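These notes concern the structure reproduced below.
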Amino acid sequence: MIKANVKADFPILHRQINDEPMVYLDNAATSQKPRMVIDRVTEYYFQQNANVHRGVSSLSMAATDEYEAARQAVSDFIHAEGPDNVVFTRSTTESLNWIASGYADSVLQPGDEIVITVAEHHSNIVPWQQVAKRHHAKLKYIRLNACGRLDLIDAKHQITDRTKIVAINHVSNVMGAENPVAKVSHLAHQHGAVMVVDAAQSAPHMPIDVQALDADFLAFSGHKMLAPTGIGVLYGKQAVLAEMNPVQFGGEMIDEVTQQTATFQKSPLKFEAGTPNIAGAIGLHAAINYLSAMGMESIHDHDLQLTTRCIERLRQLGGVTIYGDSDPANHNGVVTFNVAGIHPHDVATGLDMEGIEVRAGHHCAQPLMDVLGVESTVRASFYFYNDATDVDRFIDALSKVKEFFTDGLS
């Protein structure tokens, strides 16, 4: 259960925007940070700052212990086989690019297939476009059903024995729809393909079990789940990590270097060239501790309560088109909409004047915008530190914006 005074843990939630108390509803873009995460990162720099893995000093060994403890915490959080399955990256985007450049580049042949959906974030589209072009492979798309999830029947047609990689989001960053990842993994593996999961929008909001999902790769970002920016995770099964080549080279990741050759360490260190984001990893560990104490099931239930309230009140306003499933349970804290006759950027600007922070644009999902028949939308996205009052202030502000642009300009 979400504690009643949870906002007290987040200093930024007490500031004002345009002389109005701020309501932060852009959590699908990035989350706010609790004081304990900020304090933990500060403590690291005050007391433990040193480079990891390469020193024998007490300070360096302490920093190494903290960095590797963060890797273990991530492993436990996603139910990985062990910490060696966890590679620290900069972000979900970097993780997906590493899979495309380090793994796909070594396995794709001309005529092979990569299968994704039209609801992917650009970071799960463009890397596959690029690697498909390099190897004369075919990039195929699974259609969506009426609920905004991938169509399993179409997936069975698109995934064939020529398919080498299937890469889909766990939860859409636009419509919040949760895809049936375990079923698609089973389908992919039946054809010998590798399953890649973009968990950027699911890892902050629900329990993740990579083994139950049977994902070969899974990627997510720390900044969307209370951690600092600049720290991401790439999970991989040992077999695919062993096949995957590093895409960055330098210190720390090597085993031995001669004038003409080099050998590399085993995963995960072979992928982490140079000094890693040590403070980011330690901050992610603190964030995981915070989320785990809150309970991921409780967070997921809280998202549903807020989403349900938001969608019900949006429907009462009239003139509002909500994208995605009619069932709030399939929105996972994300409500994307347009208001008839008002540009999404005008809606977002009007809300900002009332202290409501939302996102307007194509949400790095232009192929999905094409399918929806729009150029852009407004997105309100919730997290566990939002409450019913935030939803009501958002709806009241939207009602004012709607009134201003319709009656106010007539």
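The values are calculated or read from the model by the stated rules, or taken from the named source; none is laboratory data. Only a predicted model underlies this, so the values are computations on that prediction, with no experimental measurement involved. Note that we place each Cβ from the backbone using ideal geometry, even for glycine, and neighbour counts take in every protein chain shown. Surface accessibility is based on the protein's heavy atoms, side chains included, excluding ligands, DNA and RNA. Shrake-Rupley method; radii C 1.70, N 1.55, O 1.52, S 1.80 Å.
Among the residues of the stretch 210-231, is there at least one that is part of a loop (DSSP other than H, G, I, E, B), at negative phi and polar (S, T, N, Q)?
There is at least one residue in the stretch 210-231 that is part of a loop (DSSP other than H, G, I, E, B), at negative phi and polar (S, T, N, Q).
Of all residues in the stretch 340-369, those that are without any contact (Cβ under 8 Å) to a residue 40 or more places away in the chain have Cβ atoms under 7 Å from Cβ atoms of residues that are β-branched (Val, Ile, Thr) and part of a helix (DSSP H, G or I), 6 or more apart or on another chain, in Ala360/Val347.
Residue-wise test of (1) open to solvent by less than 20 Å² (accessible area, probe 1.4 Å); (2) in a loop (DSSP other than H, G, I, E, B); (3) closer than 26 Å to Ile208 by Cβ.
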{"site": "Ala4", "(1), (2), (3)": "no, yes, no"}
{"site": "Ser31", "(1), (2), (3)": "yes, yes, yes"}
{"site": "Met36", "(1), (2), (3)": "no, no, yes"}
{"site": "Ala69", "(1), (2), (3)": "no, no, yes"}
{"site": "Glu94", "(1), (2), (3)": "no, no, yes"}
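The residue list Ala177, Ala100 contains one member that is out of contact with any Leu (no Cβ under 9 Å at 6 or more places or on another chain), within 26 Å of Asp370 (Cβ to Cβ), among the small types (Gly, Ala, Ser) and modelled with pLDDT of 95 or more, which is Ala100. The residue pairs whose first member lies in the stretch 197-226 and is under 18 Å from Asp76 (Cβ atoms) and of a type in the set (D, E, K, R), whose second member is open to solvent by 10 Å² or more (accessible area, probe 1.4 Å) and modelled with pLDDT of 95 or more, and whose beta carbons are closer than 9 Å, counting only pairs six or more residues apart or on different chains, are Asp209/His79. A count restricted to the stretch 10-25 and to residues that are closer than 20 Å to Pro228 by Cβ and surrounded by 18 or more Cβ atoms within 10 Å (Cβ to Cβ) stands at 3. Out of everything in the stretch 74-84 that is open to solvent by less than 10 Å² (accessible area, probe 1.4 Å) and in contact (Cβ under 8 Å) with a residue 24 or more places away in the chain, what residue ends up being farthest from Leu269 (Cα to Cα)? Only one residue tops the list, namely Ile78. Out of the residues in the stretch 181-190 that are buried (at least 16 other Cβ atoms within 10 Å of the Cβ) and closer than 23 Å to Val371 by Cβ, state the one that is nearest to the chain's Cα centre (by Cα). Among those residues, the one meeting the criterion is Val181. Applying the set (1) open to solvent by less than 20 Å² (accessible area, probe 1.4 Å); (2) at positive phi to Gly274 leaves exactly one unmet item: (1).
Residues of the stretch 191-208 being assigned to a loop (DSSP other than H, G, I, E, B) and over 15 Å from the mean Cα position of the chain (by Cα), which ones? Matches in the stretch 191-208: His191, Gly192, Ala193. Select, from Asp255, Asp216, the only residue that is out of contact with any Asp or Glu (no Cβ under 6 Å at 6 or more places or on another chain) and at pLDDT 95 or above. It is Asp216. For Gln248, state whether it is touching a residue at least 60 places away in the same chain (Cβ under 8 Å) and open to solvent by 60 Å² or more (accessible area, probe 1.4 Å). Spelling it out, it is not the case that Gln248 is touching a residue at least 60 places away in the same chain (Cβ under 8 Å) and open to solvent by 60 Å² or more (accessible area, probe 1.4 Å).
Limited to the stretch 96-120, what total is found for residues that are under 22 Å from the mean Cα position of the chain (by Cα), part of a loop (DSSP other than H, G, I, E, B) and either among the acidic types (Asp, Glu) or under 23 Å from Lys237 (Cβ atoms) (or both)? Before the answer, list the steps.
Pass one, the stretch 96-120, residues under 22 Å from the mean Cα position of the chain (by Cα): 96-104, 114-120.
Next cut, part of a loop (DSSP other than H, G, I, E, B) only: 118-120.
This time we only want the ones that are either among the acidic types (Asp, Glu) or under 23 Å from Lys237 (Cβ atoms) (or both), so: 120.
Count: 1.
Among the residues of the stretch 282-302, at least one is among the β-branched types (Val, Ile, Thr) and closer than 18 Å to Ala380 by Cβ. How many residues are touching a residue at least 60 places away in the same chain (Cβ under 8 Å), assigned to a strand (DSSP E or B) and not hydrophobic (A, V, I, L, M, F, W, C) if we restrict to the stretch 155-190? Number of matching residues: 2.
Residues in the stretch 128-154 that are under 20 Å from Ala219 (Cβ atoms) and assigned to a helix (DSSP H, G or I): Trp128, Gln129, Gln130, Val131, Ala132. Only strands (runs of 3 or more DSSP E) whose full extent lies in the stretch 295-410 are considered here, and the ones with at least 3 residues that are open to solvent by less than 20 Å² (accessible area, probe 1.4 Å) and out of contact with any Cys (no Cβ under 8 Å at 6 or more places or on another chain) are 334-339, 377-381.
Here Ala279 meets each of (1) in a loop (DSSP other than H, G, I, E, B); (2) open to solvent by less than 50 Å² (accessible area, probe 1.4 Å) with one exception, condition (1).
Residue pairs whose Cβ atoms lie under 7 Å apart, sitting 6 or more positions apart in sequence or on different chains, and linking a residue in the stretch 1-25 that is over 22 Å from Arg359 (Cβ atoms) and at pLDDT 95 or above to a partner that is open to solvent by less than 90 Å² (accessible area, probe 1.4 Å) and assigned to a loop (DSSP other than H, G, I, E, B), are Val6/Phe384; Val6/Tyr385; Asp9/Pro34.
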